[in-house]
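The values are calculated or read from the model by the stated rules, or taken from the named source; none is laboratory data. A quick note: this is a predicted structure, and the numbers were derived from the prediction, not measured. Methodologically, a virtual Cβ is constructed for each residue, glycine included, from the backbone with ideal geometry; neighbour enumeration extends over all protein chains shown.
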Amino acid sequence: MIRAAVITASAVVAAFGLAAPVAMADPVTAGATAYMFGACYTPDLPVVEQPGTIMYGCDGTSVMQDMSWTSWGADGATGTGTDNSVECQPNCAQGRRLLNPIIVHAWNPLPPKTSGCPAGVDFYSDYTVAYPQDAPPWVKPGTSWAADVDYIYVDGMPAVHFKDQKPLSCSAAAVRPV
């Protein structure tokens with residue numbers, strides 16, 4: 001199945017009624033590095049560390065929500081929350097939303113190689129979303145969705161491994177096929 005969308009991340013936040021990101025409580029001090037998930041980052045969104053909501057399907061079909069983080073920084077991030085994903089049957093517009101508890105691990109923060117990205121921000125280039133209870137029906141360990149998405153097991157739980165992740169864009173309102 002091929003999904004395509006032409007939409008900005010902020011438009012998806014508004015369209016799906018998701019809470020917009022809130023800027024970091026403490027501003028990044030000179031010389032400090034902030035860490036973020038970059039899959040759907042565009043410069044019209046603020047830099048947010050330890051966000052409660054992360055859109056990782058830039059068309060709004062995959063959102064981590066109600067996130068609580070036990071670690072966050074250069075060594076990686078670990079948190080729990082709820083995956084709010086669309087089962088794209090018969091298609092993504094008509095599919096039902098599935099809510100599943102998740103455990104998220106992120107690691108390997110890298111500075112962006114794209115011009116225009118915020119200074120002092122590294123983006124986690126790898127992360128897993130593991131399902132300790134029910135996993136969405138498309139999460140089948142041993143298969144892949146795309147070159148940068150594999151379905152695996154993490155600690156015996158079905159999971160999605162996102163690899164080689166980068167900011168969606170660091171230039172004006174971005175468009176990304178999904």
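List of remarks:
- Qualifying position, being among the hydroxyl-bearing types (Ser, Thr, Tyr) and in contact with a helix residue (DSSP H, G or I) (Cβ under 8 Å, 6 or more places away or on another chain), among THR42, THR70: THR42
- For the range 19-28, the criterion of being at pLDDT below 95 and within 17 Å of ARG97 (Cβ to Cβ) is met by at least one residue.
- Residue within the range 110-126 that is free of Cβ contacts under 8 Å to residues at least 60 places away in the same chain, under 16 Å from GLY81 (Cβ atoms) and of a type outside the set (D, E, K, R) present: no
- Whichever residue in the range 59-77 is surrounded by 15 or more Cβ atoms within 10 Å (Cβ to Cβ) and either of a type in the set (Val, Ile, Thr) or out of contact with any Ser or Thr (no Cβ under 9 Å at 6 or more places or on another chain) (or both) and, among such residues, is nearest to THR128 (Cα to Cα): GLY76
- Of the residues making up the range 127-146, those that are surrounded by fewer than 16 Cβ atoms within 10 Å (Cβ to Cβ), under 23 Å from LEU168 (Cβ atoms) and touching a residue at least 12 places away in the same chain (Cβ under 8 Å) are TRP138, TRP145.
- If you go through the range 78-97 and keep only what is surrounded by 16 or more Cβ atoms within 10 Å (Cβ to Cβ) and of a type in the set (A, V, I, L, M), you end up with just VAL86.
- Selection status of SER71, over 14 Å from the mean Cα position of the chain (by Cα), more than 17 Å from ASP164 (Cβ to Cβ), assigned to a loop (DSSP other than H, G, I, E, B) and among the hydroxyl-bearing types (Ser, Thr, Tyr): no
- Residues located in the range 151-171, provided they are at pLDDT below 95 and either of a type in the set (A, V, I, L, M) or in contact with a His (Cβ under 6 Å, 6 or more places away or on another chain) (or both): LEU168
- For ALA159, the criteria (1) closer than 23 Å to VAL48 by Cβ; (2) assigned to a strand (DSSP E or B) hold in every case but one, which is (1).
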